[in-house]
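Participant: Sharing a structure, written as structure tokens. Questions coming.
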Amino acid sequence: MRPNLMTPVAHRSHLKDLDYSVVQQCMHCGLCLPTCPTYDATQLERHSPRGRISLMRAIADGELEATKTFGEEMYFCLGCLACQTACPAGVNYAELFEHARAEVEDSGVLQSPKRNLIRAFTVRWLFLDLARLQLAGKLLRLWQQLGLQTLVRGSGILKLLPPRLRELEAQTPSLQPQFSADLIAPVTSAVGERKYRVAMLTGCAQDLIYSDINRDTVEVLARNGCEVITPPAQSCCGSLHAHNGEWTLAQTLARRNIDQFPPGQFDAIITNAGGCGSHLKHYTKLLADDPAYQKRAELWDAKVKDIHEWLVEIQFQVPPNQLETRNSKLETLATYHESCHLCHGQKITSQPRQLLRAIPGLKLVELPEANWCCGSAGIYNLTQPEMAGQLLARKLNHIEATGALTVATGNPGCLLQLVNGAKQRGLNLRVVHPITLLAEAYRQSETRPH
Ligand code: SF4
Ligand code: SF4
């Protein structure tokens, strides 16, 4: 008999199997509540970290079964981890959250034919093999380069689409004319003496939309004494899968990455995407039930470095000359938006600011609520557009209030979210990765007399 997809079936319970010391950490003090964007917006306990953890614990204790409401609650959570930073008891919300979403997926409580189809195509097929993703990227790029996207948008035909599809279409990112493998050699020599040998992870969506940032990262690393190994065919880090309840696929991708980049061969394994880095540093826990990978996963976790973290660690070179900006003095005024998974997930807060402040001629103005989520949160802006839109508006209001015409941020999801928001609002705002600003400063210091 075929299983009814709408009926929960017997499954492994991720929450019941989870180390109970993680499940029972929360002491219900509520100190995390003011930092939680969904609680702030609704003032409802169920939309707070404390409320969500209580639900997770009830399932772990066998008092509650996973239900549709539980599933929806877990997907209303941004996974921004602001609660983890605020928590005095050291609750590991990241681990709870990933296991709770895996519980939702394994229990099937949110299944529907439409959802199953979308997930099967995206999370389980497209993002599992980057050759497929690149092929899709090339087709989309062709569509954009031939002007068909502009033509279709101008024709008014999109008005026939349901509003939600129209909104999604408007958010389609512009793909880079060249992907990372076209811009970066498999081996880039260090400029001057080689001090380090590092691997560079080019990412999945990052490779299609922000391959220029990957190129800038490799250039900056080389200028700081790193030989950079960048194989053209890489794998997704698996954060998309782990954050969306696909535990087994996340494990598969982790093993693939460890096999491709044996951590013993590198001084560091570099990522320039906050969301990826936060996941990449926890392969040991992800592969805890795989003795064949345990030792290598531990070494892997120790070697993964966010680019800002690594550059500060190796005492990066400060560019000597002033940063030339496009055409206005005002553009030297920049602000910094913190990617949630860089600041809350990896606790990297001072290094990007240190790096930006070191760029001569760039004046950094602090952004109010810099570590408050912008609403991107992986694919949250696609699945929860209303909440994501509110958070984006709040973020843009703060950016506008600073008077900065440049906002730097270290995660592709945040970059894309802010680019789309600035476009919708008609702002003259440059949204840029800090590493690109540093790369520009290095280049300009070469072309101008010291
Ligand atoms: S991860 Fe973010 S949205 Fe989810 S409970 Fe924690 S603070 Fe709230
Ligand atoms: S998660 Fe931490 S801060 Fe929030 S209620 Fe529990 S113990 Fe308190």
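Participant: Out of all the residues in segment 139-162, is one or more open to solvent by 60 Å² or more (accessible area, probe 1.4 Å), modelled with pLDDT under 90, charged (D, E, K, R) and on the phi < 0 side of the Ramachandran plot?
Facilitator: Yes, because at least one residue in segment 139-162 is open to solvent by 60 Å² or more (accessible area, probe 1.4 Å), modelled with pLDDT under 90, charged (D, E, K, R) and on the phi < 0 side of the Ramachandran plot.
Participant: For the condition of a type outside the set (Phe, Trp, Tyr) and farther than 27 Å from TYR75 by Cβ, what is the one hit in GLU446, GLU386?
Facilitator: Unique residue meeting the criteria: GLU446.
Participant: So is VAL9 at pLDDT below 95, on the phi < 0 side of the Ramachandran plot and either among the hydroxyl-bearing types (Ser, Thr, Tyr) or within 14 Å of ligand 2 (Cβ to nearest atom) (or both) or not?
Facilitator: no
Participant: Inspect segment 286-305 for any residue being modelled with pLDDT of 95 or more and under 30 Å from GLU446 (Cβ atoms) and give the result as yes or no.
Facilitator: Checked segment 286-305: at least one residue is modelled with pLDDT of 95 or more and under 30 Å from GLU446 (Cβ atoms).
Participant: On to the next question. ARG46: closer than 26 Å to TRP372 by Cβ and within 10 Å of ligand 1 (Cβ to nearest atom), yes or no?
Facilitator: no
Participant: Right, here's the next one. Looking at segment 64-82, is at least one residue part of a helix (DSSP H, G or I), touching a helix residue (DSSP H, G or I) at 6+ places or on another chain (Cβ under 9 Å), within 25 Å of ALA288 (Cα to Cα) and among the aliphatic types (A, V, I, L, M)?
Facilitator: Looking for residues that are part of a helix (DSSP H, G or I), touching a helix residue (DSSP H, G or I) at 6+ places or on another chain (Cβ under 9 Å), within 25 Å of ALA288 (Cα to Cα) and among the aliphatic types (A, V, I, L, M), one finds at least one in segment 64-82, hence yes.
Participant: Being under 29 Å from the mean Cα position of the chain (by Cα) and open to solvent by less than 90 Å² (accessible area, probe 1.4 Å) is the filter here, so list the residues in segment 181-195 that pass it.
Facilitator: Once the filter is applied, which keeps residues that are under 29 Å from the mean Cα position of the chain (by Cα) and open to solvent by less than 90 Å² (accessible area, probe 1.4 Å), segment 181-195 yields ALA181, LEU183, ILE184, ALA185, PRO186, VAL187, THR188, SER189, ALA190.
Every residue, every condition in (1) crowded, with 23+ Cβ neighbours inside 10 Å; (2) among the aromatic types (Phe, Trp, Tyr); (3) out of contact with any strand residue (DSSP E or B) (no Cβ under 7 Å at 6 or more places or on another chain); (4) modelled with pLDDT under 95, yes or no:
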position	(1), (2), (3), (4)
ARG197	no, no, no, no
GLN206	yes, no, yes, yes
GLY245	yes, no, yes, yes
ALA250	yes, no, yes, no
ARG255	no, no, yes, no
ASP259	no, no, yes, no
GLN265	no, no, yes, no
THR271	yes, no, no, no
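Participant: Could you count how many residues in segment 40-51 are open to solvent by 40 Å² or more (accessible area, probe 1.4 Å), more than 10 Å from ligand 2 (Cβ to nearest atom) and in contact with a helix residue (DSSP H, G or I) (Cβ under 8 Å, 6 or more places away or on another chain)?
Facilitator: Residues in segment 40-51 being open to solvent by 40 Å² or more (accessible area, probe 1.4 Å), more than 10 Å from ligand 2 (Cβ to nearest atom) and in contact with a helix residue (DSSP H, G or I) (Cβ under 8 Å, 6 or more places away or on another chain): 5 in total.
Participant: Residues that are more than 27 Å from ARG12 (Cα to Cα) and touching a residue at least 40 places away in the same chain (Cβ under 8 Å): which helices (runs of 4 or more DSSP H) entirely in segment 215-311 hold 2 or more of them?
Facilitator: So the answer is 274-280, 291-303.
Table: residues versus (1) away from ligand 2 (no atom under 16 Å from the Cβ); (2) surrounded by fewer than 17 Cβ atoms within 10 Å (Cβ to Cβ).
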| residue | (1), (2) |
| --- | --- |
| ILE53 | no, no |
| THR69 | yes, yes |
| GLU72 | yes, yes |
| CYS80 | no, no |
| CYS83 | no, no |
| ALA89 | no, yes |
| ALA100 | no, no |
| GLU105 | yes, no |
| ASN116 | yes, yes |
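Participant: Here are some conditions: (1) open to solvent by 30 Å² or more (accessible area, probe 1.4 Å); (2) over 30 Å from TRP300 (Cα atoms). LEU175 meets all but one. Which one does it not meet?
Facilitator: For LEU175, the failing item is (1).
Participant: For segment 23-35, does any single residue satisfy the condition of being under 20 Å from PRO385 (Cα atoms), surrounded by fewer than 17 Cβ atoms within 10 Å (Cβ to Cβ) and away from ligand 1 (no atom under 16 Å from the Cβ)?
Facilitator: Checked segment 23-35: no residue is under 20 Å from PRO385 (Cα atoms), surrounded by fewer than 17 Cβ atoms within 10 Å (Cβ to Cβ) and away from ligand 1 (no atom under 16 Å from the Cβ).
The values are calculated or read from the model by the stated rules, or taken from the named source; none is laboratory data. Every value quoted in this text rests on a predicted model; they were computed, and no experiment measured them. All Cβ positions, glycine included, derive from the backbone under ideal geometry; neighbour counts span all protein chains shown. For accessibility, only protein heavy atoms count, side chains too; no ligands or nucleic acids. Shrake-Rupley method; radii C 1.70, N 1.55, O 1.52, S 1.80 Å.
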